[in-house]
Amino acid sequence: SQTIHQWPATLVQPVGSPLSLECTVEGTSNPNLYWYRQAAGRGLQLLFYSVGIGQISSEVPQNLSASRPQDRQFILSSKKLLLSDSGFYLCAWSPTILGEVSYGYTFGSGTRLTVV
Amino acid sequence: AQSVTQPDIHITVSEGASLELRCNYSYGATPYLFWYVQSPGQGLQLLLKYFSGDTLVQGIKGFEAEFKRSQSSFNLRKPSVHWSDAAEYFCAVGIKAAGNKLTFGGGTRVLVKP
């Protein structure tokens with residue numbers, strides 16, 4: 001069966017420090033991968049998505065970047081964190097079946113990032 | 001571009017009472033529709049989905065949702081709420097395109113009174 005792992009679960013980082021959040025998927029090949037951010041009391045904002053290795057699409061201009069060095073690995077990074085980067089970051093995957101979206105997403109358990 | 005509106009930010013319901021969460025979408029064609037639930041500090045779990053066929057969809061945990069094309073709605077219902085249903089619920093719209101992106105509503109937080 002497919003599983004998605006996201007770490008760390010919580011992170012407290014000072015302003016100006018770098019960030020690296022990692023997400024890996026097991027049990028599937030060539031998944032679509034996504035990074036969402038959920039600010040306190042707000043909905044989910046799509047940050048990045050990837051349809052293949054090295055293919056990253058950015059949805060919102062920001063202080064963050066994403067990379068996909070391997071088929072089932074998706075990394076969210078920042079060189080210098082801002083206070084506004086605080087939030088709950090969720091990784092998700094969906095299967096690539098002839099472009100069919102009907103299967104929806106499977107989400108990781110999230111990373112709570114607090115920038116201080 | 002597609003959009004999703006969940007008009008109710010918070011809903012408080014008594015345990016055992018019925019629950020209905022509203023979701024309206026804006027999209028030029030019939031979208032793929034989803035309801036997710038998020039417990040505090042957790043990821044999102046898929047409750048149910050609609051992409052064709054019967055407009056009344058059954059999901060997990062006793063939830064169901066009805067797609068109404070004329071109203072562009074996909075409301076979630078549960079006949080009798082349990083205390084464990086206290087969570088945040090998200091409606092989402094998907095389109096068949098590169099990346100198969102989902103657009104989420106702002107969420108509805110459900111509080112259950114004993």
**Report entry** Filter result (more than 7 Å from chain A (Cβ to nearest Cβ) and either in a strand (DSSP E or B) or surrounded by 15 or more Cβ atoms within 10 Å (Cβ to Cβ) (or both)) within the stretch B:36-58
**Finding:** B:Tyr36, B:Val37, B:Gln38, B:Gln45, B:Leu47, B:Leu48, B:Tyr50, B:Leu56, B:Val57, B:Gln58
Report summary line: The residue that is surrounded by the fewest Cβ atoms within 10 Å (Cβ to Cβ), considering only those in the stretch B:1-30 that are in contact with a Pro (Cβ under 7 Å, 6 or more places away or on another chain) and not in a strand (DSSP E or B), is B:Ser18
Report task. Please work out which one of (1) part of a loop (DSSP other than H, G, I, E, B); (2) closer than 26 Å to A:Gln6 by Cα is the condition B:Ser80 fails and give its number. Result -> (2)
**Report entry** Selection status of B:Lys68, over 12 Å from the mean Cα position of the chain (by Cα), over 30 Å from A:Asn30 (Cβ atoms) and basic (Lys, Arg)
**Finding:** yes
Query raised in the report: A:Ile56: touching a strand residue (DSSP E or B) at 6+ places or on another chain (Cβ under 8 Å), free of Cβ contacts under 8 Å to residues at least 24 places away in the same chain and not in a loop (DSSP other than H, G, I, E, B), yes or no?
Result: yes
Query raised in the report: Got a sec? Which of A:Ser84, A:Ser67 is more than 10 Å from chain B (Cβ to nearest Cβ), of a type in the set (S, T, N, Q) and more than 25 Å from B:Pro40 (Cβ to Cβ)?
Result: A:Ser67
Query raised in the report: Mind checking whether some residue in the stretch A:69-87 is free of Cβ contacts under 8 Å to residues at least 40 places away in the same chain and part of a strand (DSSP E or B)?
Result: yes
Query raised in the report: Within the stretch B:88-107, can one find any residue that is modelled with pLDDT of 90 or more and of a type in the set (S, T, N, Q)?
Result: no
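To keep it simple, each residue is scored yes or no on (1) more than 8 Å from chain B (Cβ to nearest Cβ); (2) more than 22 Å from B:Ser3 (Cβ to Cβ); (3) of a type outside the set (Asp, Glu).
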{"site": "A:Val51", "(1), (2), (3)": "no, yes, yes"}
{"site": "A:Ile56", "(1), (2), (3)": "yes, yes, yes"}
{"site": "A:Asp71", "(1), (2), (3)": "yes, yes, no"}
{"site": "A:Thr106", "(1), (2), (3)": "no, yes, yes"}
{"site": "A:Val115", "(1), (2), (3)": "yes, yes, yes"}
Query - Options B:Val93, B:Val57: the member that is touching a residue at least 40 places away in the same chain (Cβ under 8 Å), closer than 24 Å to A:Thr96 by Cβ and out of contact with any Gly (no Cβ under 8 Å at 6 or more places or on another chain) - result: B:Val93
Query - Check on A:Leu46, at pLDDT 90 or above and assigned to a strand (DSSP E or B) - result: yes
**Report entry** Breaking point among (1) out of contact with any Phe, Trp or Tyr (no Cβ under 6 Å at 6 or more places or on another chain); (2) crowded, with 16+ Cβ neighbours inside 10 Å; (3) closer than 28 Å to A:Phe48 by Cα, for B:Leu33
**Finding:** (1)
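The values are calculated or read from the model by the stated rules, or taken from the named source; none is laboratory data. Worth saying up front: this structure is predicted, and the values here are computed from it rather than measured. Cβ coordinates were reconstructed from backbone atoms using ideal geometry, including for glycine residues, and neighbour counts include every protein chain displayed.
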